[in-house]
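Worksheet for the structure shown next.
The values are calculated or read from the model by the stated rules, or taken from the named source; none is laboratory data. On a predicted model such as this, the values are computed, not experimentally measured, just so you know. Ideal geometry is used to build each Cβ from the backbone, glycine not excepted, and the neighbour counts take in all protein chains shown.
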Amino acid sequence: MSAILCTPDELVGALDALGVHFLSGGDSSPRARSLAPAELLAQLAAQPDARLRLAIIPLLLCRPEFASAAPTALEQLTEQRRQTFKLYYTAAAECVNDYATTLRMNLDLLCESAHTSLNTE
């Protein structure tokens with residue numbers, strides 16, 4: 001993990017800067033905004049505050065490309081925090097699996113409705 005840990009407010013600010021408005025407040029410091037995805041994931045998993053750990057789920061839902069940083073994040077964590085991270089990572093993956101079909105169907109309906117109402121082919 002990064003030698004310089006971000007404060008909880010900085011982590012909330014980093015989430016906000018990424019469009020993950022899960023927690024209110026935050027301080028969008030340059031240090032927090034410059035965290036690599038693996039560092040952000042690892043720092044969230046290492047937080048004593050459960051709300052910040054839970055933020056891993058909406059972060060992965062809003063930024064699915066961060067999933068590729070998961071192995072690197074795991075390397076930065078203690079065994080206990082690895083288990084925490086795996087739990088939240090799995091929860092995010094299950095949310096995607098559960099809603100992917102529904103989202104695809106609704107997107108298809110939305111596109112079909114838009115084409116019909118706008119008379120486009």
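Taking region 23-70 as the range and being within 13 Å of residue 81 (Cβ to Cβ) and in contact with a Cys (Cβ under 8 Å, 6 or more places away or on another chain) as the test, only 43 passes. Once region 67-121 is narrowed to residues that are among the hydrophobic types (A, V, I, L, M, F, W, C) and not in a helix (DSSP H, G or I), the residue that is nearest to the chain's Cα centre (by Cα) is 77. Filtering region 49-66 to residues that are basic (Lys, Arg) and not in a loop (DSSP other than H, G, I, E, B) leaves 51, 53. Screening 10, 39, 75 for residues that are surrounded by fewer than 17 Cβ atoms within 10 Å (Cβ to Cβ) and not hydroxyl-bearing (Ser, Thr, Tyr) leaves exactly one candidate, 75. Residues in region 1-17 that are of a type outside the set (Ser, Thr, Tyr) and either under 18 Å from residue 69 (Cβ atoms) or modelled with pLDDT under 90 (or both): how many? The number of residues fulfilling the criteria is 9.
Within region 18-48, the residues that satisfy the criterion of being assigned to a helix (DSSP H, G or I) and at pLDDT 90 or above are 37, 38, 39, 40, 41, 42, 43, 44, 45.
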